[in-house]
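Taking it in order: structure first as structure tokens, then the write-up.
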Amino acid sequence: MAPVPVDVSSTLDASERVKALLLRLHTNSLAQEEELNKPDGKLSTLKALKSQGDAGDAAALADYQRQFDDLMRDKMIALEQDKALFVYHLCRALSATRIVEAGTSFGLSTIYLALAVGQNASKLDPEQRRAAKVIATENEPAKAILARQHWKEAGEEVEPWIELREGDLRQTLASDLPAEIDFVLFDIWTPMVVPTLRLLEPNLKKGAVIVTDNVTSSAYGYEDFHDYIKTHRNAYRSLVLPYSGGLEFTLYDP
Ligand SMILES: C[S@@+](CC[C@H](N)C(=O)[O-])C[C@H]1O[C@@H](n2cnc3c(N)ncnc32)[C@H](O)[C@@H]1O
């Protein structure tokens, strides 16, 4: 039986409707992942192809990428509930109102970010409030449609605070960014992280926080990210939090 998320009513400021939606989406995501990660499942077959690709077989790598994209097209692969709650409270503590989410999928983690932005923005004057938003990013059109449906279902606490940029985020984040970004969530295929960070870096506020998912379980994929952090150690300080798969907390303090 797939694991079931816990009731977080007491730790999240949100309406019962939003809490019920979150619980439903987490439950669906966990069930999908259990199916996906079965030892004889399609993902384990693909891992062999990926190893060939990593060993330098370009055709195997291209084949892996195509099959991986096909497999993931209808999968949520959402941020786990405990990580999403941590991210929500972190954004509240930072008073973050200009957030970029790299990897949106069906919009689950975006709901947590939007709740934090809306609640933080309520303390701002009207002009600052107009600039408060989560910039969400997704390149699968079917996922973008579902994400918008979920935000609509969540309603006023969530939907107004989200701007979804559809397409490859290496293009959609290349312009029109907030002058100062408070918070970034990286929950995306690993090769996207460093190119995206380079795009965002000029607009990161001093003291901005970046959270990156699965840095331990996908350590190989994050080698370039960790090299980047190390070679720019005057600007970035990072530690890995002991969530499942490893959740990296990075402070931008140039
Ligand atoms: C792990 S999922 C995001 C899960 C989401 N944060 C949540 O918690 O519900 C990663 C998403 O990134 C999207 N993605 C991958 N490469 C992308 C790219 N180049 N541009 C935009 N989105 C991309 C995938 O389609 C996938 O839906």
Next item on the list: Tally the residues that are surrounded by fewer than 16 Cβ atoms within 10 Å (Cβ to Cβ) and not in a helix (DSSP H, G or I), restricting the search to segment 68-90.
Entry: 2
Note to self: Restricting to segment 220-243, name every residue that is open to solvent by 20 Å² or more (accessible area, probe 1.4 Å), in contact (Cβ under 8 Å) with a residue 24 or more places away in the chain and touching a helix residue (DSSP H, G or I) at 6+ places or on another chain (Cβ under 8 Å).
What the structure shows: Tyr220, Gly221, Asp224, Leu241, Tyr243
Next item on the list: Could you tell me which residue of segment 191-215 is nearest to the ligand (Cβ to nearest atom), considering only residues that are more than 24 Å from Ala93 (Cβ to Cβ) and open to solvent by 30 Å² or more (accessible area, probe 1.4 Å)?
Entry: Met192
Margin query: Which pairs turn up if I take residues in segment 2-25 that are open to solvent by 40 Å² or more (accessible area, probe 1.4 Å) and look for partners that are at pLDDT 95 or above and part of a loop (DSSP other than H, G, I, E, B) with beta carbon separation below 7 Å, at least 6 apart in sequence or on another chain?
Written below: Arg17/Gly155
Next item on the list: Filter segment 147-171 down to residues that are buried (at least 18 other Cβ atoms within 10 Å of the Cβ) and within 12 Å of the ligand (Cβ to nearest atom), then give me how many there are.
Entry: 7
Next item on the list: Kindly indicate whether Gln32 is open to solvent by 30 Å² or more (accessible area, probe 1.4 Å), within 16 Å of the ligand (Cβ to nearest atom) and more than 27 Å from Thr172 (Cα to Cα).
Entry: yes
Next item on the list: List every residue pair whose Cβ atoms sit under 9 Å apart, with the two residues 6 or more apart in sequence or on different chains, where the first one lies in segment 171-182 and is closer than 11 Å to Leu199 by Cβ and the second, anywhere, is in a helix (DSSP H, G or I) and open to solvent by 20 Å² or more (accessible area, probe 1.4 Å).
Entry: Leu173/Leu199; Ala174/Leu199; Leu177/Leu199; Leu177/Pro202; Leu177/Asn203; Ile181/Asn203
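The values are calculated or read from the model by the stated rules, or taken from the named source; none is laboratory data. None of these values were measured; they are calculated from a predicted model. Cβ: placed from backbone, ideal geometry, glycine included. Neighbour counts: every protein chain shown. Areas reflect the complete protein model, heavy atoms only, side chains present, ligands, DNA and RNA absent. Shrake-Rupley method; radii C 1.70, N 1.55, O 1.52, S 1.80 Å.
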